[in-house]
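The values are calculated or read from the model by the stated rules, or taken from the named source; none is laboratory data. Just so it is clear, the structure is predicted and the values come from calculations on it, not from any experiment. Positions of Cβ are backbone-derived with ideal geometry, glycine not excepted, and every protein chain shown enters the neighbour counts.
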Amino acid sequence: MQCKSCNTELPKNAKICPKCGEKVGKPAGNLKVISIIGFVIMLIASMLPFVQSNEAVLDGYVPKGFAFSFMNITVPVMWYLFILFIVAGILCVVAKKEIFSIICSVGATIVWAISFFGFTYDIVVGKITGGGLKKEYTTLMNVLNNGYGDNTYHIGCGTYIMIIGLIVAIVGVFFDVLKYFKKDLGVDAKYLSNSLNQSLGLKLYYYRGFYLMYLPVLIMILIFNYWPMLGCRYAFTRYVIGNPYYVGLYHFQIMLTNDTFFWRSFRNTLILSIIKLILNTGAAVIISLLLNEIVNMPFKKTVQTIVYLPHFMSWVVIFSVFRMLLSVNSSGVINGFLIGAGLIKDPINFLADVHYWRGTFYVMNLWKDTGWGTVLFLATLSGISPDLYEAAQIDGANRFKRLIYITLPALANTIITVFILNLAKVMNLFESVFVTKSPAVDSVASVLQTYVYDKTFAGGNSDYGYTTSVGLFKSFVGMILVLGCNYASKKVRGRGIV
Amino acid sequence: MKKTIKKLTAVGLTLTSVMGLVACGASSSNSGSKEKKTVDWASVEKPGTFKVMADGTVVKDTNGADAFYSQLEELTGLDIEWVRPEHSAYYDQVASTFASGDLPDVVLLSSDYLALYANNGYLWDMTDAWAKSETKNSGRLITSADKIEAANVVLGADGEEAMYGFSPFRGNGCCTYVKTSWLEKAGLSEADVKDKTLTYSEYYDILKKMKAASSSDYVISAPGWIGTEAPYTNYLPEFYQDAEYTFYLKGDEYVDGFAQDEMKAALQRLQDAVKDGIIDPSTEGQTTAQARNKFYSTDPSTESGVFTYWAGTWADTLKTNLANKKLDDRLVAIYPIKELGSYTERLSTAWCITSAAEQSGKAEGIFKYFIDTMLDGGDVQMLWQYGAKGTHWDDKAETVTLQTAKAGDAVKSYTYEEGKFHFLPSPEDPTALMKKNHIDPVLAIATFKGEDPGASSLTDVVKDNFEMFSNHSDVAKPLPMTETLGNNITDINKARNEVISKVALGTWSVDEAMKYYHDTVDSKADAVIKSLNDLLK
C-alpha cells in the first residue's frame, strides 16, 4: 500500500507515513451490496405477518384477525422508527460506515422485538358510522398462547424473514462482492470516469451536464412511476372503502390456491400475448420483405401508408368494423360469403364462440399492427449494402437465393431484438381484449388486466387489496420475463436490453 | 465527518419521510359508535356551500345546466358546488371519490351503491328527517311512495336498518312493445295481443308467426342477455319469467336464484328461442343503443319487431323515432304474460347525504333545504321535473321551431298561446324538444299542490303506457348488502353471465352450464347465502 500524499510504499499496519507524516486510513472497499439486500429483506419482512392464523383460507370469507405485522400495530410510530433504522442502515452502507450499519440493523431488530412483545395489534371486527373501522386489540403473545375466537396462531413468515434479513444485513458487511466484477486495467483511475473503479460522486460531477438534463425525467419517473408503487402495501390489506386493514398474505393465498378466474386469466394472457407476438412479428417481416421488393416508389409508399393506417385507429373502431363484417345475421359479409360459397351451412359466431374468438382476435391484431411493425424492418432492409446484392447477382443468385442468403441474415438481429423487446411486455394486454371480449368467450379471452378491471369496477366491493396483489404477481412475472429477455439478448446480441 | 453526518441526516430524513408514507395505511381509525341525535327540525338552518355529485339524469352542462343551477339557487338560496362526471363513467367516478376520501356532501346513488356505502358507514341516516319532512307529511305522495322509499332502508355500518337515501321518483321498468305492422304481416291484429294476458306458448306462437312472415333474421334483439342491475331480467322478461338471476328470499331463507330450477327452464327457453330465430344471437354484447337502432332499422333484414324497453316516456320516444325513420309507428305495449305475472319496476336511484356532510354539521340543513324541497309541489319541483324556465320550457306566447336533422327534412314548428306550458328545443339537440329534467313527470312520487303545470306536455301515449305498466308491475326487492356478498358478487356474476351466454348461443347445454356454475362458484355462493341468512337470525 502507498501513501496517498507522497506515494511512499508503507510498511504493514503503519498508522502514519514514515516519510511525510500523513495519516494512513484503511482503504475504502466497495459498496456492500449484500448488506443492502439484507436491509431490503428486513423492510419487506416488516410488511409480512409476524404472527398468522391457522384458519384455513375459504372461498368468500375474510377471516378476522388473520395476520399481524407492523401494518396493524396500534402504535405505528414503531414502524416508522423501524423504517428509520433501515434507511439509516442503508445510508451507512452507502457511506461505507459499515460499523454504524450493523448498529442500525441491530437497532431495527430491537425495535421489531419490542413491537413484537410489548405492543398491541388491531383486529378489525366491523365498521362504524362515518366510514371507520370497529377494532379490538390484542398482543401477539396473547394470540399465540390463547388464540382469537376459535382460531389458533403460529409464528408467521415475516418473523423468519426478518431474522434472515438481519443476518444478511450484518454478514453482508463483511463480503465485498463487487470486487469480483472489477478488473485492474492498469490505468490511473482519474482517466476512468465512466468505469466502476471511479466513485459515484466523481462520476456524477464529471457528467453533471447530462445529469442536469436528465433531472426533469427523473422527477417525472419518481412521481408517476415510483410514487404509485408505494400503493403495493394494499396487496397486504383488505380494502374497505377508505380504510384498508391488514390481512397479511391472505390475498396471495386465495389467488394462488382458490381462484379459478385468476388462473384462467393468467393462462389466457400468456397464450394470447405470445401467439400474437409470434404472428405479428412474422407477418411484419413478410410484409417488409414484400415491400422491399417493390421497385415502383409511389406504389410502395402508397401501400406502406395503407398498411400503417389501421395502427392509428382505436380498438373500439376496429371492433365495430369487425363486428359488422363478422355479423351472424344476413348482413354479415364474411358469413354471407362462406354460406354463399357453400363452405358452411350455418353462420359462425366468430366473436362469441370460444372456438373462433382467439383466431379472430389474432386476425384483428394482425390487421391493426402488422403495418406499423414493418417500420423497423424496412429501416434495417434499407441499410443493407446494395453491393452484396450486386455481387450475388453476378454470382448467379436469383431473388429467392438473395432473400435467403443476404436479406434474412441481415434482418435476423432486428427480428430477435423486436421479439425480445415485445416479449417483455406480454403481461400488459388489456385494451384489445377488453373491447372485443364478451361473457360467452370469457373462458378463452379474459386476461389478467381485464380480470383486475372487472374485480375493481364490475360492481360489489372494489377489491383494491386483492387486485393489487394480482397486479404484484403480474409485475413479478413481467420482471422474470424482462430478466429472461435480458439474458437472451445478451446471449444473442452481446448486450442486454436493460 | 461533520459534513458527512449532516448530509446523511438530511438525506435520511427525506427518505424516511417518503418511506414513512408506506406506513400511512396502518394509521388506526377511531372506534366506537355515535349516539343518534334528536333534531329540532324547525330550527335547522341553511347549510352554506356544499358539494353535490349527480349523474347525467340531471340536465347536463351541455344541455342548459347553468340555467337550472342559477334558478335553483334563486329559489332555494342554496350555494351548491356541482360535480358532474360523464354519465357513462359516473359510478367509476363515484367509486374513486369514495376511495379517495374526498366525499361530496350529497351524491346520487343506485340501489347497489347505496347499500354498499351505507354498509360501510359513509351515508347519513335520514330516517328521522324523512319522517318529519314536509314532503312526507304533505299528503301529496302517491300510494306507492312508501314502497319506493322502503328500498332505501338498508343495513348501516352499525348493523341496523335505516333510510340512507331519498328517491324523488319511481324506478320505472320495462314492458314489451310489439309492432302492429309485424302483427298484421303475420295475419294477426292488435286485438290479438292488446289488453290480454297471453300465456308463454301463445306469445311464442305469435313470435314464430311474426318470424315466418318477416324477412328479418330475428324478431327480438335485446340489449344483452341479462341486465346489469336489479331486476336484471327486464330486457327479456317473457323468457326468464319467474327465474331470479341473483340471491333472493325464498320463504324464510335466502337462496341462489341462479341455481334454482326456474333458471334452468329459463335458460332452455332462451336457447330454443335463439335456435328458432326468434332472438337475435347478436344480443350477446349488444348495447341498448344498438338494440334500439335495430328496432328502428330501415333494413328489413336487421329490423326487430318486438322490443322490451322502458315504459312511460320511452313509449312516446320509440313511436317518434319510428315515425322519424318513416316506419310504421303503431306499437302495442302488451300485458305481462301469465307465467311472468307482472313486470318488475327497478329500484330507483336515490339522493344520499354523506358522512362528510354529517361531520361538517350540514346534513340536516341539506336535507331540509335541498332534498325536502325537490318535491315542494311548486316552483322547485317544476325545476327538477321540467328544467329551467326560458331554457327548457316556457309559458309565453311563441312559435317554437325545431332544427332539421338534415337538409331536406320537413321543418317542425309549434305555436303556443300565452300561459300555455310547452317545452323548448333541447339545448343539446335542437332537433328535438326537451322531455324532462331529473324527475320524469309520470314517475314523481309526489304531485303538485295544484294542477301539474306541465301536465299538458304529457302525451296520451305516455300516460296510457305508464298506467298500464303501473297496474301490471311490482317493485324489485332489494338485496341486503353483506361484506361477503360485496366481495364475491363480481366472480359469481361473471360465472352467471358466461353460463347464460353460452347456453343462449348453444355452446353448452343447460346441464353442462349448470355443472360449470356449481363447480366454479358454489363455494362463493354458499358463503354469500350464509352471510345473508345470518342477517335473518
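Show me the helices (runs of 4 or more DSSP H) entirely contained within the range A:240-326 in which 3 or more residues are closer than 24 Å to residue A:359 by Cβ and of a type in the set (Val, Ile, Thr).
A:260-293, A:315-325
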The conditions are (1) of a type in the set (D, E, K, R); (2) without any contact (Cβ under 8 Å) to a residue 12 or more places away in the chain; (3) under 30 Å from residue A:135 (Cβ atoms), and residue B:146 fails exactly one of them. Which is it? (3)
Report, by residue number, each residue of the range B:392-448 that is over 23 Å from the mean Cα position of the chain (by Cα), assigned to a strand (DSSP E or B) and touching a residue at least 60 places away in the same chain (Cβ under 8 Å). B:393
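Give the residues of the range A:346-388 that are under 16 Å from residue A:407 (Cα atoms), of a type in the set (Ser, Thr, Tyr) and under 29 Å from the mean Cα position of the chain (by Cα), sorted by residue number.
A:374
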Residue list for the range A:47-68, filter: more than 9 Å from chain B (Cβ to nearest Cβ) and either of a type in the set (D, E, K, R) or crowded, with 19+ Cβ neighbours inside 10 Å (or both): A:48, A:49, A:50, A:51, A:52, A:53, A:55, A:64, A:65, A:66, A:67, A:68
Can you find, within the range B:494-523, the residue that is farthest from the other protein chains (Cβ to nearest Cβ) among those that are aromatic (Phe, Trp, Tyr) and in a helix (DSSP H, G or I)? B:517
In the set B:526, B:491, which member is within 11 Å of chain A (Cβ to nearest Cβ) and either on the phi > 0 side of the Ramachandran plot or in contact with a Lys or Arg (Cβ under 7 Å, 6 or more places away or on another chain) (or both)? B:491
Filter result for the condition that a residue is surrounded by 16 or more Cβ atoms within 10 Å (Cβ to Cβ), at positive phi and in the same structural domain as residue A:46 (by TED's automatic domain parsing), over A:149, A:131, A:156: A:131
What pairs come up if the first residue lies in the range A:320-333 and is facing chain B (nearest Cβ under 7 Å) and under 15 Å from residue B:217 (Cα atoms), the second is in a loop (DSSP other than H, G, I, E, B) and polar (S, T, N, Q), and their beta carbons are under 7 Å apart, counting only those six or more places apart or on different chains? A:328/A:349; A:329/B:301; A:329/B:302; A:330/B:301; A:331/B:301; A:331/B:302
Residue B:315 versus (1) at pLDDT 95 or above; (2) in contact with a helix residue (DSSP H, G or I) (Cβ under 7 Å, 6 or more places away or on another chain): which is the lone unmet condition? (1)
Residue list for the range B:323-353, filter: closer than 30 Å to residue B:166 by Cβ and in a strand (DSSP E or B): B:333, B:343, B:344, B:345, B:350, B:351, B:352, B:353
Go through the residues of the range A:397-418 one by one and say whether even a single one is over 30 Å from residue B:524 (Cα atoms), free of Cβ contacts under 8 Å to residues at least 40 places away in the same chain and assigned to a loop (DSSP other than H, G, I, E, B). yes
I need the helices (runs of 4 or more DSSP H) fully contained in the range B:163-270, keeping only those with at least 1 residues that are under 17 Å from residue B:477 (Cβ atoms). B:237-240
Of the residues in the range A:232-277, those that are without any contact (Cβ under 8 Å) to a residue 12 or more places away in the chain and either within 25 Å of residue A:361 (Cα to Cα) or touching a Cys at 6+ places or on another chain (Cβ under 9 Å) (or both) come to A:260, A:263, A:267
Please report, ordered by residue number, the helices (runs of 4 or more DSSP H) entirely within the range B:49-133 with at least 2 residues that are more than 14 Å from chain A (Cβ to nearest Cβ) and either under 26 Å from residue B:347 (Cβ atoms) or of a type in the set (S, T, N, Q) (or both). B:65-76, B:127-131
Would it be correct to say that residue A:108 is crowded, with 22+ Cβ neighbours inside 10 Å, within 8 Å of chain B (Cβ to nearest Cβ) and in contact (Cβ under 8 Å) with a residue 12 or more places away in the chain? no
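Before we move on, is residue B:181 of a type in the set (Ser, Thr, Tyr) and either within 14 Å of chain A (Cβ to nearest Cβ) or crowded, with 24+ Cβ neighbours inside 10 Å (or both)?
No; evaluated as a whole, the condition is false for this residue.
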Of residues in the range B:263-310 being buried (at least 17 other Cβ atoms within 10 Å of the Cβ) and among the β-branched types (Val, Ile, Thr), the one nearest to the other protein chains (Cβ to nearest Cβ): B:302
Identify the residue in the range B:359-374 that is part of a loop (DSSP other than H, G, I, E, B) and not hydrophobic (A, V, I, L, M, F, W, C) and, among all such residues, is surrounded by the fewest Cβ atoms within 10 Å (Cβ to Cβ). B:361
Before we move on, is residue A:456 within 26 Å of residue B:90 (Cβ to Cβ), surrounded by 15 or more Cβ atoms within 10 Å (Cβ to Cβ), within 14 Å of another protein chain (Cβ to nearest Cβ) and modelled with pLDDT of 90 or more? no
Every residue in the range B:443-482 that is surrounded by fewer than 19 Cβ atoms within 10 Å (Cβ to Cβ) and within 14 Å of another protein chain (Cβ to nearest Cβ), please. B:480
Is it the case that residue A:467 is more than 30 Å from residue A:286 (Cβ to Cβ), touching a residue at least 12 places away in the same chain (Cβ under 8 Å) and in a helix (DSSP H, G or I)? yes
Among the numbered criteria (1) within 26 Å of residue A:437 (Cα to Cα); (2) within 12 Å of chain B (Cβ to nearest Cβ); (3) surrounded by 21 or more Cβ atoms within 10 Å (Cβ to Cβ); (4) of a type in the set (Lys, Arg), which single criterion is violated by residue A:238? (1)
Residue by residue through the range A:339-356, note down the ones that are part of a helix (DSSP H, G or I) and surrounded by fewer than 16 Cβ atoms within 10 Å (Cβ to Cβ). A:340
Only residues that are among the aliphatic types (A, V, I, L, M), touching a strand residue (DSSP E or B) at 6+ places or on another chain (Cβ under 7 Å) and within 20 Å of residue A:230 (Cα to Cα): list them for the range A:44-99, please. A:71, A:73
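Residue-by-condition table, conditions (1) among the acidic types (Asp, Glu); (2) within 23 Å of residue A:355 (Cα to Cα); (3) touching a residue at least 40 places away in the same chain (Cβ under 8 Å):
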{"residue": "B:471", "(1), (2), (3)": "no, no, no"}
{"residue": "B:481", "(1), (2), (3)": "no, no, yes"}
{"residue": "B:496", "(1), (2), (3)": "no, yes, yes"}
{"residue": "B:527", "(1), (2), (3)": "no, no, yes"}
